[in-house]
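The values are calculated or read from the model by the stated rules, or taken from the named source; none is laboratory data. A quick note: this is a predicted structure, and the numbers were derived from the prediction, not measured. Cβ atoms come from the backbone with ideal geometry, glycine included; neighbour counts cover every protein chain shown.
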Amino acid sequence: MSLTAPIPIQRAEDPPTGVIPLSQPFPWVGLIVLGAAVFLSITSEMMPVGLLPGMSASLGVEQSQIGLLVSWFAFTVVLTSTSLAHLTRRISRHTLVVAVLVIFAISNVLTAIAPTYEFVIASRVLGGMAHGIFWSVVGAYAGHLVPKEQIGRAVSITVAGGTLAFIFGVPVATMAGLLIGWRPTFLLLAALMLVGAVLVWRFVPRVTHHAGRHPRVPKGAAASSAVKKGRDPTTAAVALICAITALTMVGHYTFYTYVTPFLIGGLGVTVADVPALLFAFGIAGAVGLLLVGTVFGPRPQLGLLVGLTTSAVSVTVLAVTLLPGSVVTLPVAIGAFMLWGLAFGTLPPLLQTRMLHTASARIRDTASAFYTTAFNAGIGGGALLGALLLETVGMNSIPWIYLGLLALALLLVIVTDRLSRRRA
């Protein structure tokens, strides 16, 4: 399998029931509704960041403790997503997505009425459990709706909801918090979650998934089939992709979590300019997402190499600006910052697309659960690593640590390509 050749539509190990005919219309409405659900999910996860001052004053705790609510959410996903995905593997994917959105709504209502900080933590843990199940299902759901060669486009549509949450969801929630207060804002999001559940129930097609069951085989072939079911041949490659995902997210959030002090102290921009730069970063990420849907979807391996390399180049420019006597000008540094946003916008959908292309249909849901675990472990681990580096060795070291992790991720991408070629 070459880096530039499109990945074949189906493989021998995929059960016949998992093959989607190319003549079937592309499920635009269903995928857009799933994207809207992703938008609500990510907005719920990140909302405490925008509502931090109001929540801090109301609950009588430090602002840093409100910030840790995001960590509680992320690490709950890490600890529970795989086991919960296993426990719910026999439940209809359609029913599960609807149920999870209802649980999200309950979690946000509990947050809105929380009398104490500890109660908020409990409500966030409930939301994190729902989030883990949601992400173990939603990525694979897109793969079940379309033929293999259209998975990249389908995933880019659903993941676009997450990108839009960072661009619009969190800022709008922050503005709502300023206008009506943080508690009504969580209630408003809960209402939107219920609307999303209704839309999923009405417009998202039901799918046949293969988790927890296998196609029937003749009695004479039972022994051979049992051997094949003992260990899926795609497991090793899926594990490597999850490792690449974790490394990439750790590196990104080690730097991005503290990008505001970098912009102000490193690049010398004003505090008033930071929101505009972060908004532009998100827009650049949306352009990267568009590239996945139009260019790199059928060639996720090539897209990963391009995305990781471009990230490394742009972060190198940003790291050099922190060196004494640097000749990098502010316009060049801002251009590198935008390029970093564009490159990173390609990586989550490409990683998920690569995972869905690699995993056999039999383990696709389980693979999505492990991918979700790796992704959220990267977010939480990156924020913690960045905090440690910031307090011990300073901001100047953080971009270089990120570059080291990008180099390791690139190496593993090459290894996964060789494994895929050997298996083919």
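In the set (1) within 18 Å of the chain's Cα centre (by Cα); (2) surrounded by 22 or more Cβ atoms within 10 Å (Cβ to Cβ), Gly386 fails one condition alone, (1).
Which ones in the stretch 230-244 are assigned to a helix (DSSP H, G or I) and under 22 Å from the mean Cα position of the chain (by Cα)? Thr235, Ala236, Ala237, Val238, Ala239, Leu240, Ile241, Cys242, Ala243, Ile244 - these are the residues of the stretch 230-244 that are assigned to a helix (DSSP H, G or I) and under 22 Å from the mean Cα position of the chain (by Cα). So for the stretch 12-33 (the condition being modelled with pLDDT under 90, hydroxyl-bearing (Ser, Thr, Tyr) and within 30 Å of Thr358 (Cα to Cα)), does at least one residue qualify? Scanning the stretch 12-33, I find at least one residue that is modelled with pLDDT under 90, hydroxyl-bearing (Ser, Thr, Tyr) and within 30 Å of Thr358 (Cα to Cα), so the answer is yes. Of all residues in the stretch 367-397, none satisfies the criterion of being modelled with pLDDT of 85 or more and touching a Gly at 6+ places or on another chain (Cβ under 6 Å).
Within the stretch 302-335, the set of residues being touching a residue at least 12 places away in the same chain (Cβ under 8 Å), more than 20 Å from Gly394 (Cβ to Cβ) and among the hydrophobic types (A, V, I, L, M, F, W, C) comprises Leu302, Leu304, Leu305, Val306, Leu308, Ala312, Val313, Leu330, Val332, Ile334. Kindly indicate whether any position in the stretch 256-268 is under 25 Å from Ala369 (Cα atoms) and either assigned to a helix (DSSP H, G or I) or modelled with pLDDT under 85 (or both). Looking through the stretch 256-268, at least one residue is under 25 Å from Ala369 (Cα atoms) and either assigned to a helix (DSSP H, G or I) or modelled with pLDDT under 85 (or both).
Of the helices (runs of 4 or more DSSP H) contained entirely in the stretch 273-370, not one carries at least 3 residues that are farther than 30 Å from Arg93 by Cα and touching an Asp or Glu at 6+ places or on another chain (Cβ under 7 Å). Any idea which of (1) in contact with an Asp or Glu (Cβ under 8 Å, 6 or more places away or on another chain); (2) at positive phi is the one Gly394 doesn't satisfy? Condition not satisfied by Gly394: (1).
State yes or no: is Val102 at pLDDT 85 or above, under 22 Å from Gly196 (Cβ atoms) and not small (Gly, Ala, Ser)? Yes: the conditions hold for Val102.
Scanning the stretch 58-72 for residues that are in a helix (DSSP H, G or I) and either at pLDDT below 85 or among the β-branched types (Val, Ile, Thr) (or both) turns up Gln63, Ser64, Gln65, Ile66, Gly67, Leu68, Leu69, Val70, Ser71, Trp72. With the structure loaded, tell me whether Arg202 is within 18 Å of Val137 (Cα to Cα), of a type outside the set (Asp, Glu), modelled with pLDDT of 80 or more and in contact with a His (Cβ under 9 Å, 6 or more places away or on another chain) or whether it fails that test. Spelling it out, it is not the case that Arg202 is within 18 Å of Val137 (Cα to Cα), of a type outside the set (Asp, Glu), modelled with pLDDT of 80 or more and in contact with a His (Cβ under 9 Å, 6 or more places away or on another chain).
Within the set Ala369, Ala383, the sole residue that is of a type outside the set (D, E, K, R) and farther than 14 Å from Val138 by Cα turns out to be Ala383. Annotation note: of Val159, Val125, Val137, Val155, the sole residue that is β-branched (Val, Ile, Thr), surrounded by fewer than 22 Cβ atoms within 10 Å (Cβ to Cβ) and part of a helix (DSSP H, G or I) is Val125. Of all residues assigned to the stretch 392-400, none qualifies as being part of a helix (DSSP H, G or I), in contact with a helix residue (DSSP H, G or I) (Cβ under 8 Å, 6 or more places away or on another chain), within 26 Å of Val155 (Cα to Cα) and of a type in the set (A, V, I, L, M, F, W, C). Assessment of the stretch 338-350 against the conditions (more than 21 Å from the chain's Cα centre (by Cα) and of a type in the set (A, V, I, L, M)) yields no matching residue.
Considering Phe104, Phe119, the condition of being among the aromatic types (Phe, Trp, Tyr) and surrounded by fewer than 19 Cβ atoms within 10 Å (Cβ to Cβ) is satisfied by Phe119 alone. For the stretch 282-320, name all the residues that are of a type outside the set (Gly, Ala, Ser), within 19 Å of Thr163 (Cα to Cα) and under 19 Å from the mean Cα position of the chain (by Cα). Scanning the stretch 282-320 gives Ile283, Val287, Leu289, Leu290, Leu291, Val292, Phe296, Pro300, Leu304, Leu308.
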